[in-house]
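Only one structure is covered here, and it is reproduced in the block below.
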Amino acid sequence: MTFSTLDFAVFGGYCLLIILIGVYVSREKRGHHKTASDYFLASKALPFWAVGASLIASNISAEQFIGMAGSGFALGLAISAYEWIAAITLVLVGIFFLPIYLKEGIFTMPQFLNRRYDNRVRTVMAVFWLLVYVFVNLTSVLYLGALSIETILGIPMVYSIIGLSLFAMIYSIYGGLKAVAWTDVVQVVFLVMGGLATTYLALSLVGSGSVLEGIAVLGREAPSHLQMIFEKGEFMIPDGRGAMRDAYLDLPGLSVLVGGMWIVQFSYWGCNQYITQRALAARDLDNAQKGMIFAGFIKLLMPIIVVVPGIAAYVIVEKGASPEFIGTMTDASTHIIKSDRAYPALLQLLPQGLKGLAFAALTAAIVSSLASMANSTATIFTIDIYKQFINPKATDRQQVEMGRLVAIAAFFIAAIVAPALRVLDQAFQYIQEYTGFVSPGVTAIFVFGFFWKKTTSNAALAAACLTIPLSAALKAVYPALPFIDRMGIVFMLLSALMVLISLVENRGKVNDNAISLEKGLFRTSMGFNIGAILICGITAALYVVFW
């Protein structure tokens, strides 16, 4: 793809703006050094709109722009379940999870586990999260980001990985969460504007210049791509290796609505450090909750930005309307059309100026998530490993310095591992499946820790230690079992085990570390309630229309 002078100006302006904002908000007053609260929780001063914007910028990354568009190409609109159910999850997390976190005054999720259970549970889960953040999240985002740059600009993947890592580090390592959160506000603007521009182009292409006609063409040419619920054997999709497989394995019918999908969502939005850290940094509970509502509305919008272009790319390929476009989506070595190349291929068709804007949106999504993941990795390691075991008397300055070193190390490791993911197709599904090895245990530990006062530390430790082995065993024994169903089964097994251990060990008594749920703890404001009703109503309407 060739960039015009205007494209370079738009993209260069975006990069310069992000770096300047990051440096500006990271500056220290004379004689004042950053405390741990300043660096890891942005001084607990974020207003609701900054919380919401940072939540979305941290969440929406290459795995959505590239991975979810790729799944849109293969699976269609049904992949939007991850976005629309997430909107409702944000409402529930705002009501039931955030009041407990903020009441406890914690920095990290493992820190909460220490207060509710004991240090063993804290340490096991801290190690799990560190491994997942570095080897799954950071690595996959770097890979998908580099893949898009390689496809769009022809820059070799290794150099793309290095460039993305350096860009994210420039503005985030020194300033910590404050720099990440405030630049995220700008990143979201680029993300939404550039994403909508790409959707507009994609629909215009299939509609011969008309967006409305483009929508009608999608309905005529790809009706199977505009349904939300799949039955077993109903819809076969490419597996990325030249064969076909059942779409039901990725999105198993009603299980998406009433089963394991909720395990994914609660683990990610309610118990995930690099998400909840934004809410923990809010000015107060009301701003944290309204930030969740703000983010929820943007999640309802996201399929238009990241899924619809993938469906449009599918129609272009099926009609054979653009040999050049099909060539861009085809892997040079295997000659197989790769789903995850749908979005980068569309970007190459944008007119001057919009190419720079769309590329800035994609880059914004990538670097904001990289910065967030690295900052949360640094937070967990510093608070739950370094201060706990290595230097219990660490000063604020030592904690901040350690956090910066850990973030740099996380980028370095992820950059080395990322090229190994080249073998994947639909990388979004890869991320969901392998984070799903941990999700059932995480969700069980937190939900029982919140709402069942008899849950014991040994019960939580058993769930933490068994979530990966149980998930791996089920995958090995029942490879045809959809991974969403597998997460639901593992969650139920772990829940039953936690109940059994707790009752045998405590003999029905309340645990000493149980959370006190005072009257009025879950009371919410009128503004939050109105937003919550709207989000739930819109989501229900979308499912009725596209069932």
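Odds and ends about this structure:
- Under a model in which nothing but the beta-carbon of Lys, Arg (+1) and Asp, Glu (-1) is charged, segment 1-150 shows a dipole of about 780 debye around its Cα centre.
- Under 5 Å, built H, 5+ apart or other chain: amide partners of R245: I237, D239
- Overall form of segment 252-328: prolate. Here a/c, set by the Cα gyration tensor axes a ≥ b ≥ c, is 1.5 or more, and a/b is the larger of a/b and b/c.
- Across segment 39-103, Cα-Cα pairs farther apart than 13 Å form 75% of the total.
- Note that segment 299-310 has calculated 3J(HN,Hα) couplings of 4, 5, 7, 4, x, 4, 7, 10, 9, 4, x, x Hz, one per residue in order, obtained from phi through the Karplus relation 6.51 cos²θ - 1.76 cosθ + 1.60 (θ = phi - 60°); glycine and proline are x.
- The string of couplings for segment 504-512 from the Karplus curve (6.51, -1.76, 1.60, θ = phi - 60°) is 5, 6, 9, 6, x, 7, 6, 5, 4 Hz, one whole number per residue in order, with x for Gly and Pro.
- Interchain or long-range residues, amide H under 5 Å from F107's placed H: none
- Residue-averaged [θ]222 nm for the chain, counting only DSSP H segments that reach four residues, each worth -39500 (n - 2.57): -22000 deg cm²/dmol
- Other-chain or far-sequence residues with amide H under 5 Å of T455's (modelled H): N511
- Chymotrypsin sites (Phe, Trp or Tyr not before Pro) restricted to segment 76-118 and DSSP loop, no more than 12 other C-beta within 10 Å: none
- Share of alpha-carbon pairs per 5 Å distance bin for segment 157-284, given as whole %: 2, 8, 9, 10, 12, 16, 17, 15, 9, 3, 0
- Normalised by the number of residues in segment 34-140, the average gap of Cα pairs under 8 Å and 6 or more apart makes the relative contact order 15 percent.
- Anisotropy class of segment 70-142 from Cα gyration tensor, a/c 1.5 cut: oblate
- Percent of Cα pairs exceeding the 33 Å cut-off, where the set is the chain: 38 percent
- Between the exposed loop cleavage positions of the chain, defined as trypsin sites (Lys or Arg not before Pro) in a non-H, G, I, E, B DSSP state with at most 16 neighbouring beta-carbon atoms within 10 angstrom, the longest gap is 31-231.
- Contact order normalised by residue count of the chain, Cα under 8 Å, 6+ apart, percent: 31 percent
- The loop-placed GluC sites (Glu not before Pro) in segment 425-532, going by DSSP, that have at most 13 neighbouring Cβ atoms within 10 Å of their Cβ come out as E518.
- J(HN,Hα) series, segment 104-115, from Karplus relation 6.51 cos²θ - 1.76 cosθ + 1.60, nearest Hz, glycine and proline x: 7, x, 8, 9, 9, 5, x, 4, 4, 4, 5, 6
- Rounded to whole Å, the principal axis extents of the Cα atoms in segment 179-237 read 48, 34, 15, largest first.
Each value in this text was obtained by applying a stated rule to the coordinates, not by laboratory testing. The model shown is predicted, which means the values in this text are computed figures rather than measured ones. When we count neighbours, we look across all protein chains shown, and the Cβ atoms used for this are built from the backbone with ideal geometry, even at glycine.
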